[in-house]
Amino acid sequence: MSKKTIVNLFRFAQRQGAHGLTIESRTDRLAFDYDFPDGEKQSFTLPKKLEKELMLDLRQLLKIAPGELTAKKYCKITDRNYDSSFHVTILPGKFGEKIIISQTLKDSRAWHLKQLGCPAAVLKNFQASSKMSAGLILISGPALSGRSATFYALLNELNRADKNIYLLGEAPKEGLLGLNILPPTASNWDKLLHHDSEIIAVDDLDDPANLKRAIVAAGTGRLVLGVISRDSVWEVLRDVLSTPLPLKLKLDSLKMITNQRLAKMGRDNDRHQKNKRQEIGLFELLKLTPGLKKFILKNEGKIDSFLDTDNKINKSRKKFWTELNDLAIEEGFIPLALDQLKKIKTGILASDNL
């Protein structure tokens, strides 16, 4: 069966508004069932003798090896006359294979870094991260701080047809196509480390076990992007340093940490402003520069005392973080409070954000 015939099967689904197609081998025929949003179905069959040829050609077109089973694999067919993306699941059936194809619906909304209100230095580093081939980028903030918007905006920046991207977590409701989505289980982490995954995105790294896996994955030559609930970049760094892994691996894997808040914009409360944006992000970004790595490695033998959690004042711990903060500022770290003051001064934020 020709590629043109197979493409016509997908084109029909797209043209008619079907959101799914199931191809299933039955006792005496090959069945095609189109599913529509209103619950309607349209079906047709082909002779059983065409099954082997069609299944082989379909796998070749979708770049899925013969005999390989898959779950929600992202696939795309593109030529000068046709463009379609979908997720493919292949399961063993009673009389052969069962292939489930789910159309990815294009959405008008997109996530963009320039809409977040990042300072120029932060935006520049975010955009530079799209050229990274490996490393760990952590996006942090408390609840309702806009960190998910930043996460998906950066993921959108990284999302290209030539990249194999896996998202461990919930599928975004809007604006992103082409992601392979899996639950963030230990077994799925293991699969990705044995798969040709180039970028791993994780929407929740609060679990220390998942943070550890993210560090390890970044150390294997993958780019890992993750969200973590913390109040500052220093709290995130503390958690990374306390993860039970070799210090050099942690420092080599970690590339940058961001922390953010949402703040009220400086707009008059009149009826013409009701449908306009009312909040903007405040950001701080810590790059793990060679100087910071050298300082932390130099103090490796004291890190346990830096990370103690008792209520006693630990002078060496306080000195370490103070010196580290001062060094970070020398090397370009801009605290969140400074971004806040700049936005108030320029009138972007309301003065009551102080």
> Does any residue of segment 207-220 turn out to be more than 30 Å from Ile329 (Cα to Cα) and free of Cβ contacts under 8 Å to residues at least 12 places away in the same chain?
Replying inline: no
> Hey, Tyr166 hits all of (1) of a type in the set (Phe, Trp, Tyr); (2) in a strand (DSSP E or B); (3) under 21 Å from Thr289 (Cβ atoms) but one; which does it fall short on?
Replying inline: (3)
> Within segment 223-241, restricting attention to residues that are of a type outside the set (A, V, I, L, M, F, W, C) and surrounded by fewer than 23 Cβ atoms within 10 Å (Cβ to Cβ), which residue is nearest to Ile165 (Cα to Cα)?
Replying inline: Ser229
> Based on what the data block shows, is Ile296 at pLDDT 85 or above and either within 30 Å of Arg222 (Cα to Cα) or assigned by TED's automatic domain parsing to the domain that holds Ala217 (or both)?
Replying inline: yes
>> Report every pair of residues separated by at least 6 positions or lying on different chains whose Cβ atoms are under 6 Å apart, first residue within segment 312-335 and outside any helix (DSSP H, G or I), second at pLDDT 90 or above and among the acidic types (Asp, Glu).
In response: Pro335/Glu284
> Hey, does segment 55-63 have a residue that's over 31 Å from the mean Cα position of the chain (by Cα) and in contact (Cβ under 8 Å) with a residue 12 or more places away in the chain?
Replying inline: yes
> Which of (1) over 12 Å from the mean Cα position of the chain (by Cα); (2) crowded, with 18+ Cβ neighbours inside 10 Å; (3) more than 25 Å from Ser232 (Cα to Cα) is the odd one out, the single condition Ile165 does not satisfy?
Replying inline: (1)
> For segment 336-352, how many residues meet the condition of being in a helix (DSSP H, G or I) and touching a Lys or Arg at 6+ places or on another chain (Cβ under 6 Å)?
Replying inline: 0
> Exactly one of (1) farther than 13 Å from Leu225 by Cα; (2) touching a Ser or Thr at 6+ places or on another chain (Cβ under 8 Å); (3) surrounded by 15 or more Cβ atoms within 10 Å (Cβ to Cβ) is unmet by Ser140. Its number?
Replying inline: (1)
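The values are calculated or read from the model by the stated rules, or taken from the named source; none is laboratory data. Owing to the predicted nature of the structure, the values given are computational and were not obtained by experimental measurement. Glycine also receives a Cβ, built like all others from the backbone with ideal geometry; neighbour counts cover every protein chain displayed.
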